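Beneath this line is the structure, given in C-alpha cells, with notes to follow.
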C-alpha cells in the first residue's frame with residue numbers, strides 16, 4: 001500500500017504538549033482528557049502484551065454545516081473482517097508505517113483514511129492516541145488515533161471493494177437519546193448502539209463512540225432499556241470474521 005506524501009507534524013501516540021490553535025472550544029474537553037484515559041475505561045479487552053495484528057483507526061472530529069461531527073464509513077460487505085459494519089477509517093499497520101508502539105499507528109490511520117476516503121493528511125491535526133484495544137473476533141490490536149479536521153474537504157468512497165459509504169455524522173445526532181439503544185448479538189454480547197444516517201452503529205465502533213461522548217461532555221441521558229437484536233444478515237457477516245480467526 002502507498003503512503004501519503006505528507007503527514008502532519010506531531011506524529012506521536014501521546015497528546016502533543018500544546019494543543020493546536022485551531023482547536024474549537026467544544027473539542028477541548030475531550031482533547032484534554034485523552035492523556036488520562038485508561039484501557040479499562042474503554043473496553044473489557046485491553047491489548048495483550050504480545051501477539052495480535054496491529055491496526056489503527058482514525059477518529060476524526062470535524063465541523064460541518066450541521067455543526068461538530070464525526071467521520072464514519074460503512075465497510076464493504078465483501079471484506080473478510082467486519083464486513084458491512086459502520087466503522088472508523090483505518091486498517092492494519094504496514095511495515096513502512098513504523099513501530100506499533102511509536103508513531104506507526106498515527107501513520108497507518110492517516111494512510112488508510114487517505115486510501116479509503118481520499119482524506120488529505122495535511123488538513124488534519126492529530127491530538128493523540130487512546131490505549132490500544134483487542135478485538136477478540138478478528139484478533140486485531142486496534143490503536144484509536146483521535147484527530148481534529150482543521151480544514152475539511154470533500155471525501156468519498158475511493159475503493160468500493162473496501163468502503164460502501166462515507167458519512168459525517170453530527171455529534172448532536174449521536175448524543176440524541178432518540179438515536180441511542182442497546183444492541184444484542186446472538187452470542188450473548190450486548191453493547192451500545194446508534195441509529196444514525198440510516199446506519200446501525202454497533203460493536204467496537206459504537207463502544208468507542210459511547211466513551212468519547214462521555215469523555216468530551218457530549219453525552220445525554222438515554223434509555224438503556226431500549227434493546228434491538230442484530231438482523232440475520234449482519235450476524236452472518238459478523239460470524240464470517242469469527243470463522244476466519246478460528247480456521
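Values quoted throughout were computed directly from the atomic coordinates according to the rules given, and no laboratory measurement underlies them. Given the structure is predicted, the values throughout are model-derived calculations rather than measurements. All Cβ positions, glycine included, derive from the backbone under ideal geometry; neighbour counts span all protein chains shown.
Take every pair of alpha-carbon atoms less than 8 Å apart whose residues are at least six positions apart; their mean separation over the length of the stretch 25-246 yields a relative contact order of 25 percent. For the pair residue 220 and residue 45, how long in nm is the line joining their label points, each one 7 Å along Cα→Cβ? Here the answer is 3.1 nm between the modelled labels. For the stretch 124-247, taking the reciprocal of the average inverse distance between every pair of different Cα atoms yields a Kirkwood hydrodynamic radius of 16.4 Å. Shown for 97, 21: other C-beta atoms within 10 Å of each C-beta, ranked fewest to most, produce the order 21, 97.
Here, the stretch 25-246 yields an orientationally averaged convex hull projection of 11.7 nm² when only Cα atoms define the hull. Ranking of 212, 110, 135 by neighbouring Cβ atoms within 10 Å, starting from the fewest: 135, 212, 110. Relative to its Kirkwood radius, the Cα radius of gyration of the stretch 92-143 gives an Rg/Rh of 0.97.
The spacing between the stretch 93-138 and the stretch 55-78, judged by their C-alpha centroids, is 14 Å. The P(r) of the stretch 139-185 has a tail past 13 Å containing 78 percent of all C-alpha pairs.
The helix-only estimate of mean residue ellipticity at 222 nm for the chain, built from DSSP H runs of length n ≥ 4 each weighted as -39500 (n - 2.57), is -6500 deg cm²/dmol after division by the residue total. Is the shape of the stretch 85-195 rounded, prolate or oblate, going by the alpha carbon gyration tensor and its root eigenvalues a ≥ b ≥ c, with a/c under 1.5 for rounded and a/b larger than b/c for prolate? Here the stretch 85-195 falls in the oblate category.
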